[in-house]
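For reference, the structure discussed in these notes is given below.
The values are calculated or read from the model by the stated rules, or taken from the named source; none is laboratory data. For clarity, every value in this text was computed on a predicted model and none was experimentally measured. Please note: Cβ atoms are built from the backbone with ideal geometry, for glycine as well, and neighbour counts cover all protein chains shown. Ligands, DNA and RNA are stripped out before the accessible areas are found, and what is left, the full protein with its side chains, is counted by its heavy atoms. Shrake-Rupley method; radii C 1.70, N 1.55, O 1.52, S 1.80 Å.
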Amino acid sequence: MTLKEYGDLTMIEIKKVLTQQQLNNIYLGSTIKAIRDSKEDDNEETITKIQYMRDIQSVMEKKEIYEICHHLQVMIKILEGRIEKSRENKEVNN
């Protein structure tokens, strides 16, 4: 299963708990945080996705829906690994 497929299945479960409006509000806040916290050389889209997943994870923890939290944590770790690898590659090339 690809990360996208895993994410799509997780989002189906999330949408059973949160409305689209709630997800939109979380995404807006996540985007603002990601822009504020990202470094110049970071992939802003990936940073935003990670922040969005962290924010949804926080909501799911409050609702005690730990299975979704676990799925989100797996995806966050994979994306963070990709960012770290990208940073290392940039350092090697410089």
Quiz prompt | For the chain, accessible area per residue (1.4 Å probe, heavy atoms of protein chains only), Å² | solution = 70
Quiz item: If the cut-off is 27 Å between C-alpha atoms, which lysines fall inside it for LYS15, apart from same-chain ones fewer than 8 positions away?
Solution: LYS4, LYS33, LYS49, LYS62, LYS63, LYS77
Self-check item: LEU9 versus GLN21: modelled label distance in nm, points set 7 Å from Cα along the beta carbon direction
Solution: 3.2
Self-check item: For the chain, the longest site-free run once trypsin sites (Lys or Arg not before Pro) in DSSP loop states with at most 14 other Cβ atoms within 10 Å are removed
Solution: 64-94
Quiz item: Can you list the GluC sites (Glu not before Pro) in the stretch 45-94 that are in a DSSP coil and have 11 or fewer other beta carbons within 10 angstrom?
Solution: GLU64
Quiz prompt | Vicinal HN-Hα couplings computed from phi for the stretch 57-68 (Karplus, 6.51 cos²θ - 1.76 cosθ + 1.60; Hz; Gly/Pro x) | solution = 4, 4, 5, 5, 5, 5, 8, 6, 9, 6, 5, 5
Quiz prompt | Cα-based convex hull volume of the chain per residue, rounded to whole Å³ | solution = 92
Quiz item: Gain in length, ASP37 to GLU67, computed as 0.36 nm per residue apart minus the alpha-carbon separation, to one decimal in nm?
Solution: 8.0 nm
Exercise. Let me know the shape class of the stretch 44-94, please: from the alpha-carbon gyration tensor, a ≥ b ≥ c as square roots of the eigenvalues, rounded when a/c is under 1.5, otherwise prolate if a/b is greater than b/c, or oblate.
Key: prolate
Practice problem: Please name whichever of THR10, THR48, LEU79 sits farthest to the positive end of the charge dipole of the chain, dipole taken about the Cα centre and charges placed at Cβ: Lys and Arg +1, Asp and Glu -1. | Solution: THR10
